[in-house]
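What follows is a short report on a single structure.
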Amino acid sequence: MKSLKWISLLVLAGMLLAACAPAASPEGEAATGEVEVFSWWTAGGEADGLAAMQEVFSAEYPNLTFVNAAVAGGAGTNARAVLATRLSAGDPPSSWQGHAGQELIGTYVAAGQIEPLNDLYDQNGWLDVMPQTLIPLISQDGNIYSVPVNIHRANVMWYNPAVLEANGATVPATWDEFLTSAETLLANGVTPLAMGEQWTSMHLLETVLLGSLGADGYAGLWDGSTDWAGPEVTAALETFQQVLTYVNSDASTLSWDQAAQLVVDGDAAFTIMGDWADGFFVSLGLTPETDFGWAPAPGTDGLFQFLSDSFVLPVNAKNPEGAIAWLTVAGSKEGQEAFNPIKGSICARTDCDPALFDAYLQSAIADWNTDTVVGSLTHGVVANDAWKSEIDTALGLFLADGDVAAFQSALATACSSSGACQ
Amino acid sequence: MNTRQEKLLAFAFITPSIIAIGIFVYGFIGWSLRVSLSSWRGLLPDYTWAGLSNFIGLFQDRRFLIDIQNTLIFTIFFLAASLVIGLLLAILIDRIKWAGNLFRGVFLFPMAVSFIVTGVAWRWLMNPATGSRISGLNLLFDNLGLDFLINNWHTTAPPWGIAFVVIPAVWQMSGFTMALYLSGIQSIPAELRESAKMDGANEFQVFRYIILPLLNPVTLSAVIILGHISLKIFDLIVAMSGKDLRLDVPSIYMWTTTFDGNNFARGAAIGILMLLGVALLVVPYLIYTNRTEIDV
């Protein structure tokens with residue numbers, strides 16, 4: 001009896017040791033082992049979309065084991081802290097999620113942590129199926145650094161059609177038109193524009209800058225060819241200041257969806273928000289085009305201000321073949337068609353089947369294929385984290401004191417300290 | 001067991017915590033100081049010597065100046081209100097013998113709630129929406145016909161918005177000051193009051209010349225405890241206003257500049273300045289208590 005006890009104890013200890021040992025990942029063999037994919041997709045449509053894409057991956061690469069290393073926390077704040085710790089410990093995941101553009105390039109490329117993916121783009125012919133105006137926004141010095149999985153549009157003006165009709169207002173094509181109809185709406189006791197906490201005002205600012213400066217002027221802000229201290233920017237900031245006077249007084253206490261709720265309830269006529277608002281409206285049981293409507297933000301018709309979640313290839317990836325297999329799926333038609341209808345976004349590729357998507361997303365797909373693509377500031381495309389954080393501070397000070405001249409000079413200083421303007 | 005052995009044993013028992021505190025408190029304070037004197041901006045450490053430039057930059061930074069102003073306003077109102085209300089509650093409970101224990105529990109209870117919960121609840125109560133969406137306290141005032149009390153609460157224009165954040169902070173912490181004062185009052189020997197009365201002192205005089213002076217050490221402890229909470233306040237404000245710059249304080253700036261902006265050098269500089277601020281409050285207190293303890 002006693003020896004049996006000892007044997008079973010030994011067996012248990014052995015099992016424990018086996019469980020503690022690092023999972024074996026044979027090196028050198030192509031496309032086997034574990035692929036650890038790091039993201040902040042842990043809830044709702046995002047997590048379901050990731051699971052759908054994982055199924056496509058497992059079907060195509062049965063020898064690879066997908067390890068979901070998602071870290072919870074909105075917009076990836078926690079995940080990015082965890083990632084930074086792992087990178088400084090020299091333990092990168094096989095691939096990780098980040099906002100396409102400068103948020104990745106300015107942080108991780110600057111620190112020498114991710115590899116260019118030009119070869120992968122050539123092999124898969126992705127340059128032919130993604131908009132040409134997109135590629136420079138996710139590249140630096142001719143190197144493409146990430147595979148965009150999905151596309152969201154930032155410059156969308158959502159409205160309540162019933163409120164517009166009752167007040168004889170139309171959807172404004174320019175900010176001047178908006179200011180005119182805002183006066184009428186205000187006189188009738190309707191909040192013209194619903195806005196939420198501070199990041200939503202940065203979101204509004206970037207659409208006003210785009211609407212006032214146009215695609216080239218706006219793009220020039222981020223490479224130094226448009227003067228932040230110039231009169232065009234002054235005019236845009238003055239428009240922004242005027243627009244802010246038509247915003248709900250409790251904006252700073254509302255989240256973006258609470259602000260969108262004001263439009264749903266008819267308390268407000270318009271709101272400027274990214275197209276994840278579509279998913280919010282649909283989840284409330286609203287019918288597109290009758291209960292809620294949309295249009296490009298004033299002055300941005302024909303322009304698609306995008307943001308995108310994308311995946312990267314780390315320097316010294318644990319399983320580079322596996323990581324490339326994952327990136328191949330993330331950029332493929334099957335992968336993107338599996339992920340996006342569930343997540344509520346459109347494909348970065350222009351050849352996805354529109355029939356898979358809802359009414360708003362179909363219109364977004366049509367625009368994505370034809371519009372000029374520009375990047376979002378708030379969502380990490382055009383400025384790196386350090387620069388964006390300085391702009392956020394300048395904006396916060398402006399919201400507190402309303403001083404346009406001080407705001408503009410702070411923005412110009414932020415640009416020069418970022419290194420983009422000399 | 002002789003004294004020598006006892007001493008060795010005692011030393012052995014506290015060694016682990018001395019080592020842990022040495023590394024995790026003083027070691028990291030030293031490391032933060034080093035980072036605050038570097039030019040670390042970005043994902044990877046950069047210990048290039050930058051001298052005091054991060055500190056000088058902060059004192060020219062409009063945002064940091066707002067932070068200092070907000071911290072001062074918050075601290076002054078928070079301390080004053082907590083002490084006065086805490087003392088009043090303690091006197092009342094001391095007088096009302098029959099339900100003292102009940103009320104002591106009632107007023108102390110908010111301390112069991114975290115600042116995050118307090119912040120979220122008071123964010124709803126102090127909702128500044130108007131018109132058809134009026135809610136919270138403003139709705140209550142509206143229903144009671146007290147329209148003149150309806151206000152924007154913590155969204156009031158700077159610099160006074162931060163003063164309204166004091167309301168939930170006092171709601172939470174005045175019970176704690178009450179408990180401190182109550183134990184202080186109840187530890188005053190009854191003979192002192194009685195002999196003062198026999199000498200012809202009235203109630204007010206007993207309070208003013210006997211009780212209040214004897215409560216000075218309690219006030220000092222309360223100022224230290226509440227003061228360091230208030231200098232480091234973070235969770236309450238984040239729960240009430242997110243990252244709204246009008247209610248910004250140094251700890252929020254430290255968080256956003258470090259983790260959103262990857263500006264570790266500036267974040268460390270803010271951390272060191274906060275440490276100095278708290279040290280200004282705590283170190284004189286420690287010196288004072290050491291001296292009085294030696295005297296006694």
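The values are calculated or read from the model by the stated rules, or taken from the named source; none is laboratory data. Given the structure is predicted, the values throughout are model-derived calculations rather than measurements. Glycine also receives a Cβ, built like all others from the backbone with ideal geometry; neighbour counts cover every protein chain displayed.
Here are some notes:
- Options A:271, A:207, A:234: the member that is over 22 Å from the mean Cα position of the chain (by Cα) and either assigned to a helix (DSSP H, G or I) or hydroxyl-bearing (Ser, Thr, Tyr) (or both): A:234
- One residue from A:416, A:345, A:332, A:389 being free of Cβ contacts under 8 Å to residues at least 12 places away in the same chain and more than 14 Å from every other protein chain (Cβ to nearest Cβ): A:416
- The set of residues from region B:73-88 being crowded, with 16+ Cβ neighbours inside 10 Å and free of Cβ contacts under 8 Å to residues at least 24 places away in the same chain is empty.
- Hits in region A:41-75 - residues which are assigned to a helix (DSSP H, G or I), among the aliphatic types (A, V, I, L, M), surrounded by 14 or more Cβ atoms within 10 Å (Cβ to Cβ) and without any contact (Cβ under 8 Å) to a residue 40 or more places away in the chain: A:47, A:51
- Some residue of region A:398-406 being surrounded by fewer than 22 Cβ atoms within 10 Å (Cβ to Cβ), within 14 Å of another protein chain (Cβ to nearest Cβ), not small (Gly, Ala, Ser) and not in a helix (DSSP H, G or I): yes
- One residue stands out in region B:26-40 among those that are modelled with pLDDT of 95 or more and of a type outside the set (Gly, Ala, Ser): the one that is farthest from residue A:386 (Cα to Cα), namely B:26.
- Condition check for residue A:291: away from chain B (no Cβ under 14 Å) and more than 28 Å from residue A:188 (Cα to Cα): no
- Yes/no for residue A:261 being assigned to a strand (DSSP E or B) and either within 14 Å of chain B (Cβ to nearest Cβ) or under 18 Å from the mean Cα position of the chain (by Cα) (or both): no
- Remark: pairs (first residue in region A:182-195, within 13 Å of another protein chain (Cβ to nearest Cβ); second residue assigned to a loop (DSSP other than H, G, I, E, B) and surrounded by 14 or more Cβ atoms within 10 Å (Cβ to Cβ); Cβ separation under 7 Å; 6+ apart in sequence or on different chains) = A:186/A:246; A:188/A:167; A:190/A:167; A:191/A:248; A:191/A:267; A:194/A:248; A:195/A:248.
- Restricting the search to helices (runs of 4 or more DSSP H) fully inside region B:158-223 and requiring at least 2 residues that are under 21 Å from residue B:85 (Cα atoms) gives B:161-186, B:203-206.
- Residues of region A:338-359 classified as of a type in the set (Ser, Thr, Tyr) and surrounded by fewer than 24 Cβ atoms within 10 Å (Cβ to Cβ), total: 1
- Residues that are within 14 Å of chain A (Cβ to nearest Cβ) number at least 3 in the following helices (runs of 4 or more DSSP H) confined to region B:28-146: B:53-59, B:62-95, B:115-125, B:136-143.
- Sole residue being in contact (Cβ under 8 Å) with a residue 12 or more places away in the chain, among the aliphatic types (A, V, I, L, M) and crowded, with 17+ Cβ neighbours inside 10 Å, chosen from B:116, B:91, B:66, B:29: B:66
- Filtered residues of region B:244-258 (kept if more than 12 Å from residue B:64 (Cα to Cα) and in contact with a helix residue (DSSP H, G or I) (Cβ under 6 Å, 6 or more places away or on another chain)): B:244, B:258
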